[in-house]
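Written out below as structure tokens is the structure these notes cover.
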2 protein chains.
Amino acid sequence: MTSPTSTSTPTSTSTSTPGSTSPGAGRHPGQDGAALEVDSVVTRAQRAFDTLSLLEPGVVAAALDAAAAALGADAEELVALAASETGLTIPRLTGELRRTRVQLGLFARTVERGDHLDVRIDDPDPDFALGVPRDDLRRLLVPVGPVVVFAAGNFPFAFSVAGGDTAAALAAGCTVVVKAHPGHPQLSRRVTELVATALEGAGLPQGTLQLVEGQDAGVAALRHPGIRAASFTGSLRAGRLLADLAATRPDPIPFFGELGSVNPVLVTAAGLEATRSGLPTGFVTSVSGSAGQLCTKPGFLLVPDDAALDEPIANAAAAVHEHRLLSPGIADGYEARRDAILGVDGVRTIHEGGVRRDDDEQAWATPTIVGVPLDVLQVQRDTLLDEAFGPLSIVVDYPRDTDLSAVVTELFPGNLTSTLHAGPGETGAEVGRLVRTMARTSGRVLLRGWPTGVAVTPAMQHGGPWPATTTDATSVGTAAIGRFLRGVAFQGAPQDLLPPAVRDANPWSVARSVSAAGESADW
Amino acid sequence: MTSPTSTSTPTSTSTSTPGSTSPGAGRHPGQDGAALEVDSVVTRAQRAFDTLSLLEPGVVAAALDAAAAALGADAEELVALAASETGLTIPRLTGELRRTRVQLGLFARTVERGDHLDVRIDDPDPDFALGVPRDDLRRLLVPVGPVVVFAAGNFPFAFSVAGGDTAAALAAGCTVVVKAHPGHPQLSRRVTELVATALEGAGLPQGTLQLVEGQDAGVAALRHPGIRAASFTGSLRAGRLLADLAATRPDPIPFFGELGSVNPVLVTAAGLEATRSGLPTGFVTSVSGSAGQLCTKPGFLLVPDDAALDEPIANAAAAVHEHRLLSPGIADGYEARRDAILGVDGVRTIHEGGVRRDDDEQAWATPTIVGVPLDVLQVQRDTLLDEAFGPLSIVVDYPRDTDLSAVVTELFPGNLTSTLHAGPGETGAEVGRLVRTMARTSGRVLLRGWPTGVAVTPAMQHGGPWPATTTDATSVGTAAIGRFLRGVAFQGAPQDLLPPAVRDANPWSVARSVSAAGESADW
């Protein structure tokens, strides 16, 4: 693991080296070594938490701003390093780093405002409706404690060391142990070093942000009694495994995982008329951006079966340049998934892209778009419905009299996003019912545009029913902070023993909801 | 199961009758039969949800008020029935029913206000900081869907069919399947009938509130794909079992369980001086109320080892009349636990109460209070620290120089409440640290009084670190509604397709937080 604030393990970069520090030379030396080192990391995170949770919001906000500034100061170096490790393009990574800095700033402003503390105060009430006097009661949300963040491979900045989960956890007042994604180890270490130094320079305690590397270290952190919550962005397989580990601890902890989503885009007949000219290009652009390695990539486009879009979609796809995939492993998985889909009876090829290996063993992909009638998809659902992580999407042709709401319920029960392109003024009962079904089966419902490109804002929701996420919590936007908070009520406490946010003087000037005495007569 | 709104199973009162409706005559006919009947119950709950989730807040609020009124109209009959089934006293049950009605009213007012929807609106922003225009984005919290509520045995009104979990779920807009507690089956059926009829009379759909009975039915409901969340109040053993079932579903669902708490009360030397005269009686009253069958009963009282409280505590305990225990099974469990504690080396008896069986096989208990030095408790923690459900408590004598904060961390890491009786003006750094430790290890921190008697208010927190609850969510007070909500964002939607709460016209007049265009320049 890399811990720039530690003097005890100055050069260690991985806890997964078998036997590196194992005392027992047992059957799982790597795991033992990882557990030992992780224990010291988490202990440091616990000590840091004791200090961090006492700091004023202004200090935490300034530290988040300092972290953003540190990333900005070394932007060119970081983007170049990220590009070499991930194959993502310089423009994409430049935008992603900008987004990551803006995100830290958004959370800094959120911390300053203090709305996320949800402060509630019950005034003492001698005539309380329950028949006994009500005592002075003050409730606020407090940080849960040290958390572990499993970084993602496809967003080396925005969902990695200093990404949204880390920003939300720090904003909540939690210390963070990041489990590095193996796809960009050097970048992970460099960002940890930069950000941890910036946070400390701004007055946060040593150990506020630490990095561990290797699967064993991640598992050991997740199981460590000092860790109070976990977040994750990655595959369904790995996410389910980790969610189960979190749930089967002696003391289960919340596990906020984002696991997989196929983001259906539905086009009505009227919607097709309205969007026909832009539809093929918009679709292919959304599918192939970042080589389709996005959790919000539209995996399915549902169109009327007489839409006749194959040719314009094929033309748009043919115009897309090849893009490097994140890693040879991702490429292998993508190829296998693509071959399986192409091999299904009844699937037609609209545009067959390829995967090319270069001399450095990197793989480069061009988009593949296939078509399938709805009834074939229904029969072949076991093969076709799983996410294909890469530049592939499936056009589904549905008969004009199809009940799209029933299709969504049957085939797309859990997604990050659902999109509907309806015609202008097409807002009747049937479309209303469809939109409600989309809202029941996904966290974000779009009525125009494409699901890729997730704004970082107060109103964003990036999380939906299983398997999109393990809970419905969002991992993007300011509401993401709620994952790392818990409620505490103080009853009959003298002012000096109360947290500042619930004191009469309200020194942090946070919004508070007060229940006056006598109010319960209305209940 | 009892479903007053169903015509298909008019007389069925249990799904656990072996083989009652089992088609396959397999090895687990009871379970199969339960699963079949539960399937029809959950299907009804899903249909009802489709309607319920479209209703205006005013309709839901009025229905909650109607439910409260229905309980009030038949209060005497209900209290008498509850007393016969549970052995709790008429005054206690009268107060509990009042609390249950007040609680429904509180949630009705909460629904009307709409703050729980946490409405956030991002205005479209052409100059958004991320470098691409920000689309119109509107987020609100929506009900998760049908939920299952496992009722408690010790609160036949307030944590049962029409109790806090049901009120919170209905207020969220969820339909509810209650798994009846076997300790008060007739009351459960009667309350279901009254409340379901009242809800329907006020315009809520058939199937909004249904009852199932028997362990097999509860498990079947928890595993049913139509159920989207679960709540539970009961033992650590049963709660852990159900939590594991929820977590290991093909699609895990949130499980909000309240499992066990020993609610330590700490008294400093100065606190002892200040409260000495009232301490023994206050303590014994809190321990013995409802025969100690409360989740907030103080299981441990920590006092300086020269406190000399044994005699006054013994006198107070001797004055307590015997109280019927909830059931013979509870009595067996309590006696075994009491005997185990009395048998520990180093435990002294301060007052030995008893358990008497009457001719109806009911058991009646008087309080037992024991004392133990802190060092013995530390050595015998495996035997002594588990909750004793009944009128027993342990006085712990600590040496004057003890670090109480360390003791709480070591012995009391997860509780619903922690209480500190400090001296007036005793607000220095050491006490401050202790209060922070109490806030880290429990959901409610009291600086005076006793933890029993939980106010139902906006600022209440009834939930703390494991094993107090499976998550830190509260099951009492208006914040409890958040357990049954999830976030959905609408992007670029025409007004007609938006839920009313996020439309420009704001027809429900709910509070909304709006991010204006241009704001992101400050992030």
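The values are calculated or read from the model by the stated rules, or taken from the named source; none is laboratory data. Since we're looking at a predicted model, the values are computed, not measured. All Cβ positions, glycine included, derive from the backbone under ideal geometry; neighbour counts span all protein chains shown. Calculation scope for accessible area: heavy atoms of the full protein, side chains included, ligands and nucleic acids excluded. Shrake-Rupley method; radii C 1.70, N 1.55, O 1.52, S 1.80 Å.
Numbers for the structure displayed
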| quantity | calculated |
| --- | --- |
| Inter-copy separations for residue B:514, label at 7 Å along Cα-Cβ, nm, ascending | 2.7 |
| Relative contact order %, the range B:311-409, counting alpha carbon pairs below 8 Å whose residues are six or more apart | 28 |
| Computed magnitude of the charge dipole of the range A:278-333 (debye, nearest 20; Cβ of K, R +1, Cβ of D, E -1) | 340 |
| FRET efficiency for residue A:318 and residue A:522, using Cβ-Cβ distance with R0 set to 60 Å, rounded to 0.05 | 0.35 |
| Signed unit charges on C-beta, dipole axis of the range B:328-470, positive-most listed residue B:412, B:442, B:333 | B:442 |
| Trypsin sites (Lys or Arg not before Pro) within the range B:94-163: DSSP coil, no more than 10 neighbouring Cβ in 10 Å | none |
| Span-rule helices in chain A, defined as complete DSSP H runs reaching 20 Å or more along the axis (Cα) with Kyte mean at least -0.5 | A:29-52, A:57-73, A:90-113, A:185-201, A:328-342 |
| Semi-axes of the equivalent ellipsoid for chain B, Cα gyration tensor, largest first, Å | 41, 32, 20 |
| Selection from B:497, B:509, B:467, by position along the positive dipole direction of the range B:429-517 (Cβ) | B:467 |
| Global form of the range B:200-266, assessed from the alpha-carbon gyration tensor, a/c cut-off 1.5 | oblate |
| Shape of the range B:239-334, Cα gyration tensor, a/c cut at 1.5 | oblate |
| Solvent-accessible area, 1.4 Å probe, carbon plus sulfur percent, for the range A:477-523 | 48 |
| log10 of Debye I(q)/I(0), alpha-carbon scatterers only, for the range A:399-523 at 0.14, 0.17 Å⁻¹ | -0.79, -0.93 |
| Residues in the range B:381-398 that a label on residue B:349 would reach, taking backbone N under 15 Å of a point 7 Å out along Cα→Cβ | B:392-393 |
| Cα-based Kirkwood hydrodynamic radius, the protein assembly as shown, one decimal, Å | 30.1 |
| Label-point gap, in nm, between residue A:380 and residue B:514 - each point 7 angstrom along Cα→Cβ | 5.0 |
| Inter-part distance where the range A:144-192 and the range B:448-486 are each reduced to a Cα centre, Å | 31 |
| Positive minus negative residues near residue A:112 (Lys, Arg vs Asp, Glu; Cβ under 13 Å) | -2 |
| C-alpha center-to-center spacing [the range B:226-259, the range A:366-407] in angstrom | 34 |
| Cβ-placed point charges (K, R +1; D, E -1), dipole of chain B about Cα centre in debye, nearest 20 | 520 |
| At least 30 Å² accessible surface lost relative to isolated chain, residues of the range B:232-266 (1.4 Å probe) | B:240, B:247, B:252 |
| Once the Cα gyration tensor of the range A:320-436 is diagonalised, semi-axes √(5λ) in Å | 32, 16, 13 |
| Approximate spin-label separation residue A:358-residue A:132, in nm, with each point projected 7 Å along Cα-to-Cβ | 7.2 |
| Inter-label distance for residue A:305 and residue A:281, nm, one decimal - labels placed 7 Å from Cα along Cα-to-Cβ | 3.1 |
| Taking the range A:28-130 and dividing mean pair separation by its residue count, relative contact order in percent (alpha carbons under 8 Å, at least six apart) | 32 |
| Point-charge dipole on Cβ atoms (K/R +1, D/E -1) for the range B:393-523, about Cα centre, debye to 20 | 320 |
| Solvent exposure of the protein assembly as shown as accessible area per residue, Å², 1.4 Å probe | 35 |
| The range B:215-362, accessible surface, carbon-and-sulfur percent (1.4 angstrom probe) | 53 |
| Computed [θ] at 222 nm, deg cm²/dmol, chain A (DSSP H ≥ 4; -39,500 (n - 2.57); rounded to nearest 500) | -11500 deg cm²/dmol |
| Chains A and B, summed buried accessible surface - 1.4 Å probe, Å², nearest 100 | 6000 |
| Nearest-0.05 FRET efficiency for residue B:332 and residue A:251, computed from C-beta distance (R0 30 Å) | 0.60 |
| Cα-based shape type of the range A:42-150, given that a ≥ b ≥ c are square roots of the gyration tensor eigenvalues and the cut on a/c is 1.5 | prolate |
| Estimated FRET transfer efficiency (residue A:403, residue A:504; beta-carbon r; R0 51 Å; 0.05) | 0.30 |
| Rounded accessible area of residue B:236 (nearest 10 Å², 1.4 Å probe) | 80 |
| Computed over the range A:99-190: relative contact order in percent, which uses C-alpha pairs under 8 Å that are six or more apart | 27 |
